[in-house]
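A.B. asks: One structure follows; several queries about it will come next.
FYI, it's all coordinate maths here, none of it is from the lab. Keep in mind that this is a model prediction, so the values were computed, not measured. A quick note on method: Cβ atoms are made from the backbone with ideal geometry, for glycine too, and the neighbour counts reach across all protein chains shown.
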Amino acid sequence: MTLRVALCYPNRPAVGRANLGLAIVRDLLATLGQPLAIEERYAGGPRRAQRPLDHFDLIVCSVPFEGDYPRLIELLVAGGVEPLAARRPDGPSVLVGGMAPTLNPEPLALIADLIAIGEAEELLPELTATIGPLLRARARRDEMLSAAAEVSGVYVPDRLRFEYDAAGRIAGIGGAQPGRELPRVARRWIADLDRAGATAPVIADDEVFAGCAVIEATRGCLWGCRFCAAGFAQRPFRQRRQEALWPDVERALGLRRRVGLVGADLGDLNGLPELTRRIHAAGGTLTPSALRATAVDAALAQALAASGKKLATLAPETGSERLRRLINKPISDEKLLAAVDELAGAGIESIRLYFMIGLPTETDDDVAAMVALGQRARSQLLQHGRRRGRVGGVTLSVTPFVPKPATPFQWEPVCDAATLKRRMRLLRRAGAGVANLEIKVEPLAATREQAILSRADRRIGALLVEAVERRVPLRRLLDDHPEICGPPLAGFGEKDLLPWQQVDHGAGRDYLWRERQRAFAGQITPPCDLGRCNACALECGERARSPRELDGSAGQTAS
């Protein structure tokens, strides 16, 4: 019997088809060797002449961002599927994966039957081999859930029970079945990206990669920036070898002349300047995601410019060096401006700088420093531009900080809206009237909602469903339920039980707390490398070292 699978993405079709994670899942499902009938569905996509979702055996949902949660509920309801798992005992089974539920599966715990924690290449073949025969045989749901729970990396919400105190905080977590050990789910990750196999390039339509054929070059990150989930929940850093990457580049060049490389920090990709020149020689242009300023040297700058690149993106994250030490990104203003000088001198005409606002301990002076740094970068860019006769500009792209699970800042409160609004006004006033300097600030409207959805427990799922079924804004329901939404906004204490408590992301809780303490002490933790382990508790195969506490050298500035 053929297993009927709906592969769903909770956003519009153009966004879904440009998502590499969805492409990986699609390719995996197509090569598993099982009798599968796969159809794709998107939020807001055409539904005429399509089989309703409630006619499928398994609904697989790739969810990269918390903001997609409401659209996921809308997609299920539009397809005739009961969104609450407890109310669909005979309906399709729902499997959810992606970065957002990997960080915190609990917001979807009332909706999903199964939640994949980690990377699909390592997990999906084993899971489908386990539950596929049961679903085809129309086995009882509890039998399927019990089998899935034995697969490493599979979070089965039905196996956990939460208790809450009067303030709405988690008072206890227990197993649903007495006498059984409380389940703890470890993130799955693939050690060798080349072994994962090639995924067809996707055509992006976002601001950074618009019109590019995008391929993946790296996963994870060496640097451990304390705000960034990729630096902790996607450890260890992995990269594809040039000989394995190039065939995908050639496929991408067959689709578009602009090739986008995806990775948390492309500056760590071995041979990036040579790859850039090789793409140019083949008639294409390379567009990397944001580069670390210290990775930009003359060779890389010249290779980017020679390939026709006109815009480069750097991510200082903060305007002040003090805050950069807090977030473990110890790049001096001089190093950043040196990178701008190299890029502008090589022929890059415009620079985009990424910043965050609302970080712990941030002051008005830190915010003003963003504009001051942007103006210094603008001056350097204009000097080179005037000599060439083509003057570009600097864009400051500013996003409110949202604390994420599985990072050293997972315990922090969210900066209040009044303070964020005042500092955004300060930003705009400081940059007003400055030619060739543009300030783009992400609207605040979605920040509070994202902050709640990032760190909420399973009770938020009932509000997500209610908002869709009653057709009322989710924001209104959040305001009415401080017992659910208060803790994610107010933050957590060191000993508090966390909604994602039973997920082992790799970097241990004790390590993350030590990193938090080091942050507020202004101490730098060096990047992961083959010669030294920072004792985060992740077993990295050949990279693993004996766990040990950080020694005095960890306080030195990373290069």
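A.B. asks: Using only the Cα atoms of segment 390-545, what do you get for the radius of gyration and for Dmax, in Å?
C.D. replies: Values for segment 390-545 (Cα only, Rg and Dmax): 19.9, 57 Å.
A.B. asks: Please find the FRET efficiency linking A298 to D194, where r is the Cβ-Cβ separation and R0 is fixed at 30 Å, and quote it to the nearest 0.05.
C.D. replies: For A298 and D194, the calculated efficiency is 0.50.
A.B. asks: With angles folded into 0 to 90 degrees, how steeply does helix 20-30 sit against the dominant principal axis of the chain? Use alpha carbons for both and round to 10.
C.D. replies: With rounding to tens, the tilt is 40 degrees.
A.B. asks: While we're looking at this one, here's another question. Going by amide H atoms built from the backbone, whose H comes under 5 Å of the H on I439, apart from near neighbours?
C.D. replies: Under 5 Å from the amide H of I439 lie the amide H atoms of L396, each far enough along the sequence or on another chain.
A.B. asks: Also, I was wondering about something else. Using 0.36 nm per residue, how much length does the chain from R12 to Q50 gain when fully extended, once their Cα-Cα distance is taken away?
C.D. replies: Extending this stretch completely gives an extra 12.1 nm.
A.B. asks: Given R₀ = 51 Å, FRET efficiency for R471-W246 by Cβ-Cβ distance, to 0.05?
C.D. replies: With R0 = 51 Å, the Cβ-Cβ based efficiency is 0.50.
A.B. asks: While we're looking at this one, here's another question. Gain in length, A129 to R184, computed as 0.36 nm per residue apart minus the alpha-carbon separation, to one decimal in nm?
C.D. replies: Answer, rounded to one decimal: 17.6 nm.
A.B. asks: Of all beta bridges DSSP finds with both residues in segment 190-348, what is the antiparallel percent, to the nearest 5?
C.D. replies: Bridges in segment 190-348 are about 30 percent antiparallel.
A.B. asks: Quick one: check the C-alpha center-to-center distance for segment 498-541 versus segment 137-206, whole angstrom.
C.D. replies: One Cα centre to the other: 22 Å.
A.B. asks: Measure nothing but the geometry: give the 0 to 90° angle between the long axis through the Cα atoms of 120-136 and the longest principal axis through the Cα atoms of the chain, rounded to 10°.
C.D. replies: Tilt relative to the chain: about 20 degrees.
A.B. asks: Tell me whether segment 3-159 comes out rounded, prolate or oblate; compute the Cα gyration tensor, take square roots of the eigenvalues as a ≥ b ≥ c, and use a/c under 1.5 as the rounded threshold.
C.D. replies: It is rounded, given that a/c, with a ≥ b ≥ c, falls under 1.5.
A.B. asks: What number do you get for segment 208-280 when its Cα radius of gyration is normalised by 2.2 N^0.38 Å, N = residues?
C.D. replies: Ratio of Cα Rg to 2.2 N^0.38 Å: 1.15.
A.B. asks: Kindly write out, for segment 394-409 in residue order, the coupling ³J(HN,Hα) from the Karplus curve 6.51 cos²θ - 1.76 cosθ + 1.60 (θ = phi - 60°), rounded to whole Hz, with x marking Gly and Pro.
C.D. replies: Those phi angles translate into 10, 10, 9, 9, 10, 10, x, 6, 10, x, 10, x, 6, 10, x, 9 Hz.
A.B. asks: How far is helix 69-78 tilted, in degrees, relative to the longest principal axis of the Cα atoms in the chain, given as a value from 0 to 90 rounded to the nearest 10?
C.D. replies: Result, in degrees: 40.
A.B. asks: Now for a different question. Cross-link candidates for K440: which aspartates and glutamates have Cα within less than 15 Å, leaving aside residues fewer than 8 places away along the same chain?
C.D. replies: E207, E317
A.B. asks: Classify segment 71-142 from the C-alpha gyration tensor, please: rounded if a/c falls under 1.5, else prolate or oblate depending on whether a/b exceeds b/c.
C.D. replies: oblate
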